[in-house]
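Trainee: Please read through the structure below; I'll follow up with questions.
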Amino acid sequence: MLLEFTKMHGLGNDFVVIDLIRQRAYLDATTIQRMAHRHFGIGFDQLLIVEPPDLPNVDFKYRIFNADGSEVEQCGNGVRCFARFVHEQQLTHKTKIKVQTKAGIVEPELGPNGWVRVNMGYPKFLPQEIPFLAEEQEELYRLDLANNQNILIDVVNMGNPHAVTIVPDVLTADVATLGPQIESHVRFPERVNAGFMQIVDEKHARLRVFERGVGETLACGTGACAAAVSGMRRGLLGNEVEIQLAGGSLHLAWREGDVVWMTGPTANVYEGRFDLRYFQG
C-alpha cells in the first residue's frame with residue numbers, strides 16, 4: 001500500500017505530514033518508530049496526521065506522534081507546518097483555520113513567505129495541570145538529579161508539559177546528561193520536555209530543548225512558548241521576545257491572563273510515497 005507524504009520542517013524541527021482524509025491507513029507505534037529512523041526509514045522528529053474533525057465548527061483534527069511512537073498533545077512547530085500543508089494541498093482555501101488537538105483548539109493563520117502565526121492558548125502552571133508532583137504551587141521547584149545534583153525549574157503546560165531552567169550559557173549547558181534525567185524524572189508522571197534557557201536581554205533569549213520521546217531537537221515551538229512565559233513571569237523578559245533556537249528564531253508575545261502568540265517560519269523539503277508494508281515488517 002502506497003502512502004503519499006510531505007517532509008517539512010519548522011526551524012529544523014522536522015516532520016512527516018500525512019493526509020488521512022483522502023487516504024486511509026493505520027499506523028501503530030512500531031510502524032512509526034521504523035518510519036522515524038534516520039538511516040532505515042524516512043526520518044523525522046514527529047509524524048503529523050491530518051484527519052477529519054470530531055467537533056463542530058472545526059476545520060481539521062491534528063494528531064502528533066513522536067519518533068518513539070508515542071502520541072503527544074501539541075507541537076508548536078508542527079502546527080505551523082500543518083497549517084501550510086492543508087492550504088497547499090488544497091484541503092482548505094482558508095488562511096486562518098481551527099484545528100482540533102489533544103490539547104484543545106488552536107488557530108493558526110497563514111502569512112506571507114511561509115510564516116504562520118498561531119494562538120497557542122493559555123499557559124497552565126498548577127502542578128496538577130502539568131502534571132508535576134508537588135505538595136503546593138511554588139514560583140520555582142528544586143529537582144533532585146543523579147550524583148547529588150539539583151536544579152531549579154519552572155513548570156509550564158503549553159498543551160504539553162515543560163520544565164524550564166535558566167542557564168548561564170546554552171552552548172555549554174549539559175543537555176545530553178541533564179535532559180534525559182529531567183524528561184523521565186519521577187515527579188513528571190507523563191514525562192516532560194526539558195528546556196535550557198539563557199537570557200540575553202529583556203527582548204532576547206537562547207534556548208535548547210530535550211523533547212520527551214525524541215531527544216534534543218533543533219527547535220521546539222511549545223518549548224519556546226513555555227520558556228518565554230517562564231522568563232516573563234520571573235521578570236527576566238518583556239512581553240514580546242525573540243527566542244533563538246539552533247534552527248532559527250521564533251517571535252513570542254504574552255501578557256498575564258492572555259493567550260500566547262507564536263509566529264515563525266515553515267519550509268517544505270520534499271514530497272514522496274512509501275510502501276507501508278515495508279515499515280510494518
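The values are calculated or read from the model by the stated rules, or taken from the named source; none is laboratory data. Everything numeric here is computed off the predicted structure, so don't read it as measured data. Methodologically, a virtual Cβ is constructed for each residue, glycine included, from the backbone with ideal geometry; neighbour enumeration extends over all protein chains shown. These accessible areas exclude ligands, DNA and RNA; they are computed on the full protein's heavy atoms, side chains included. Shrake-Rupley method; radii C 1.70, N 1.55, O 1.52, S 1.80 Å.
Trainee: Rounded to the nearest 20 debye, what is the charge dipole size of the chain about its Cα centre when +1 sits on each Lys and Arg Cβ and -1 on each Asp and Glu Cβ?
Mentor: Numbers: 27 positive and 35 negative charges, 152 e Å.
In debye, rounded to 20, the chain gives about 720.
Trainee: Additional query: Can you bin segment 123-183 into rounded, prolate or oblate? Criterion: square roots of the alpha carbon gyration tensor eigenvalues sorted a ≥ b ≥ c, rounded for a/c under 1.5, prolate for a/b above b/c, oblate for the rest. List each step's numbers first, then the result.
Mentor: Working: a/c = 1.98, a/b = 1.55, b/c = 1.28.
Prolate shape, in that a/c is at least 1.5 and a/b is the bigger ratio.
Trainee: Now for a separate question. Tell me the Rg and the Dmax, in Å, that the Cα atoms of the chain produce.
Mentor: Cα only, the chain: 18.2, 56 Å (Rg, Dmax).
Trainee: Roughly what % of DSSP beta bridges within the chain run antiparallel, to the nearest 5?
Mentor: Working: 61 of 76 bridges.
Just about 80 percent of them are antiparallel.
Trainee: Roughly how many Å² is the accessible area per residue of segment 1-115, as a whole number, for a 1.4 Å probe?
Mentor: Solvent-accessible surface per residue comes out at 44 Å².
Trainee: Can you give the angle from 0 to 90° between the axis of helix 221-233 and the longest principal axis of the chain, with both taken from C-alpha atoms, to the nearest 10?
Mentor: Computed tilt is about 20 degrees.
Trainee: Work out how much length residue 148 to residue 176 would gain on full extension: take 0.36 nm times their residue separation and subtract the Cα-Cα distance, in nm to one decimal. Display every interim value, and only then the final one.
Mentor: Details: separation 28, 0.36 × 28 = 10.08 nm, distance 1.74 nm.
Extra length from residue 148 to residue 176 when fully extended: 8.3 nm.
Trainee: Which value in deg cm²/dmol, rounded to the nearest 500, describes the helix-derived mean residue ellipticity at 222 nm for the chain, given -39,500 (n - 2.57) per DSSP H run of n ≥ 4 and division by the residue count? Intermediate values should be presented prior to the final figure.
Mentor: Values: 5 runs with 47 residues, N = 281.
One gets -5000 deg cm²/dmol as the mean residue ellipticity at 222 nm.
Trainee: Next up: What's the carbon and sulfur percent of segment 184-281's accessible surface, probe 1.4 angstrom, rounded to a whole number? Walk me through the numbers before you get to the answer.
Mentor: On the way: 1950 of 4260 Å².
Solvent-exposed carbon and sulfur of segment 184-281 make up 46 percent of the total.
Trainee: Here's a follow-up. Of all accessible surface on segment 9-128 at a 1.4 Å probe, what whole percent is carbon and sulfur?
Mentor: Numbers: 2590 of 5320 Å².
So the carbon and sulfur contribution to the accessible surface is 49 percent.
Trainee: Under a Cβ-only charge scheme (Lys and Arg +1, Asp and Glu -1), can you give me the dipole magnitude of segment 177-270 about the Cα centre, in debye to the nearest 20? Provide the component values of the computation, followed by the final result.
Mentor: Numbers: 9 positive and 10 negative charges, 40 e Å.
Dipole of segment 177-270, to the nearest 20 debye: 200 debye.
Trainee: Farthest toward the dipole's positive end in the chain, which of 281, 173, 137, given Cβ charges of +1 (Lys, Arg) and -1 (Asp, Glu) about the Cα centre?
Mentor: Toward the positive end, the furthest listed residue is 281.
Trainee: Continuing with the same structure: Which value, in Å², gives the accessible area per residue of segment 124-240 when a 1.4 Å probe is used on the protein heavy atoms? Write out the running numbers ahead of the final one.
Mentor: Working: 5250 Å² over 117 residues.
So segment 124-240 comes to 45 Å² accessible per residue, rounded to a whole number.
Trainee: What is the P(r) of segment 110-243, as percent of Cα-Cα pairs per 10 Å bin from 0?
Mentor: Spelled out bin by bin, segment 110-243 gives 13, 46, 34, 7, 1 percent.
Trainee: Rounded to the nearest 0.05, what FRET efficiency do residue 22 and residue 68 have when you use their Cβ-Cβ distance and R0 = 41 Å? Mind showing how you got there, number by number?
Mentor: Working: r = 28 Å, r/R0 = 0.67.
E(calc), rounded to 0.05, equals 0.90.
Trainee: Additional query: Mind checking segment 96-182 for GluC sites (Glu not before Pro) that DSSP puts in a loop (not H, G, I, E or B) and that have at most 10 other Cβ atoms within 10 Å? Before the final figure, lay out the partial values.
Mentor: Working: sites: 109, 129, 135, 136, 138, 139; in loops: 135, 136, 138, 139.
Passing sites in segment 96-182 are 135, 136, 139.
Trainee: What are the trypsin sites (Lys or Arg not before Pro) within segment 117-223 that DSSP puts in a loop, where the Cβ has at most 14 other Cβ atoms within 10 Å? Intermediate results must be reported in sequence, preceding the final value.
Mentor: Numbers: sites: 117, 124, 142, 187, 191, 203, 206, 208, 212; in loops: 187, 191, 203, 212.
Counting only loop positions with at most 14 other Cβ atoms within 10 Å, the trypsin sites (Lys or Arg not before Pro) in segment 117-223 are 203.
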